[in-house]
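A short worksheet on the structure shown next.
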Amino acid sequence: MAGDIGESVADMATGGLAARALEPRAEGAKAAGATPGSAPGPGGHTREDACLNCGTRLVGSHCHACGQRAHVHRTLSAFVHDLVHGVLHFEGKTWRTLPLLAWRPGRLTREYIDGRRASYVSPIALFLFVVFLSYATFSLLGGGSALGTEVTGMERVREVHAANAERLAELEEERAAVPDEGERAAEIDTRIAALEDDQAGLELVLGEPGNDFATRFASGFERTPLPSGSAVAKAWEKASANPQLTIYKLQTNAYKFSWMLIPLSVPFVWLLFPFSRRFRGYDHTVFATYSITFMIALAAVSSLLFFFGYPSIGGLVLLYAPWHMYRQLREAYGLGRFGAFWRMLALSLFAWIAISLFVTGIAMMAGG
């Protein structure tokens with residue numbers, strides 16, 4: 001569990017810093033060969049008349065030539081502050097962007113398209129951050145190890161499964177020889193239950209599903225007619241042979257290739273406004289990126305609620321998705337109620353098509 005938490009925190013930090021790399025201040029825009037030095041003063045502060053990055057004479061709090069801050073901190077506390085700032089703060093833009101993304105997504109989309117961007121996190125930066133954060137949440141909840149940590153060491157998994165089966169048989173014989181009540185009986189029952197849980201996880205990896213989802217997943221591949229000999233058919237055959245391993249690979253690769261959802265979705269958004277001279281591909285890309293970002297975050301929140309025992313609330317949270325699409329369409333594109341409503345219905349269908357294409361692509365990669 002400690003390892004999962006550490007890995008999750010690392011994913012969150014990586015995501016924040018990756019997004020920050022795409023959403024920086026204007027610092028370091030022009031580097032020069034020779035820069036004036038300045039010794040740190042009390043408390044690690046510096047006092048300089050010229051930019052330490054490019055040498056330009058300073059006028060104001062930032063260099064007008066390269067964008068670097070005029071005032072430089074050289075303390076450990078400042079370094080830690082920059083780290084936390086970079087991971088969680090995005091220079092204050094996050095706390096202005098997230099409320100709009102959740103409740104006024106159309107306004108956020110339209111303002112960014114129209115050029116009012118200084119106060120908001122860019123779509124791709126926010127997308128990267130949310131993807132990393134969602135994956136870290138999934139890992140923290142045990143998603144990364146839900147199907148076993150030795151997926152590539154199948155022989156070892158089989159050995160452990162066989163050893164557990166022998167131990168289970170021994171415990172069941174021992175349990176049959178003791179009275180139904182008493183500390184010894186309770187102890188044996190606890191050990192049996194723990195081993196059975198372990199076996200269920202191992203059986204998932206071995207392709208021996210013991211749950212309805214895995215069974216339906218496998219039967220879905222069997223009922224899908226595909227041209228024999230095609231790459232998709234081969235991937236489907238591998239998935240059908242070991243659906244649990246495929247599910248695991250889907251979970252892993254979906255995180256890595258989540259960016260593919262954007263180019264897959266943009267053509268479908270364009271279909272809502274075919275041949276429009278007012279709305280171009282850029283408008284649709286910004287719209288799709290902000291929309292996908294929110295849907296990923298919504299799915300993560302719903303997963304948390306399901307995990308902590310609030311499935312009804314988690315289901316209700318997911319019902320907000322169509323309303324979010326409606327609001328974003330109406331305000332981003334200046335639509336009336338009816339125009340936004342029918343496009344919301346169409347976009348909901350298109351979203352499932354895009355997700356199906358995405359999953360198919362990832363399944364092919366996983367089956368390869």
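Kindly provide the set of residues from the range 252-311 that are open to solvent by 20 Å² or more (accessible area, probe 1.4 Å), more than 18 Å from Y112 (Cβ to Cβ) and not in a helix (DSSP H, G or I), ordered by number.
Matches in the range 252-311: F257, P274, F275, S276, R277, F308, G309, Y310.
Being under 27 Å from L98 (Cβ atoms) and surrounded by fewer than 16 Cβ atoms within 10 Å (Cβ to Cβ) is the filter; apply it to the range 347-368 and report the residue that is modelled with the highest pLDDT.
So the residue we want is S348.
I'd like the full set of residues that are more than 22 Å from the chain's Cα centre (by Cα) and without any contact (Cβ under 8 Å) to a residue 24 or more places away in the chain, limited to the range 281-333.
Scanning the range 281-333 gives G281, S312, Y326.
With more than 20 Å from the chain's Cα centre (by Cα), in contact (Cβ under 8 Å) with a residue 24 or more places away in the chain and outside any loop (DSSP other than H, G, I, E, B) as the only criterion, which of T137, T109 stands out?
Unique residue meeting the criteria: T109.
Of all residues in the range 112-131, which are more than 17 Å from F294 (Cα to Cα) and not in a helix (DSSP H, G or I)?
D114, G115, R116, R117, A118, S119
Anything in the range 168-195 that is within 44 Å of the chain's Cα centre (by Cα) and surrounded by 14 or more Cβ atoms within 10 Å (Cβ to Cβ)? List them, or say none.
L168, L171, I188, R191, I192, L195
Evaluate the following for L335: is it over 21 Å from A136 (Cα atoms) and not in a helix (DSSP H, G or I)?
yes
The values are calculated or read from the model by the stated rules, or taken from the named source; none is laboratory data. It should be emphasised that the depicted structure is a prediction, and the values quoted were computed from it without experimental measurement. In this analysis, Cβ positions are derived from the backbone assuming ideal geometry, glycine residues included, and neighbour counts consider all displayed protein chains. Protein only, heavy atoms only, side chains kept; ligands, DNA and RNA dropped before computing areas. Shrake-Rupley method; radii C 1.70, N 1.55, O 1.52, S 1.80 Å.
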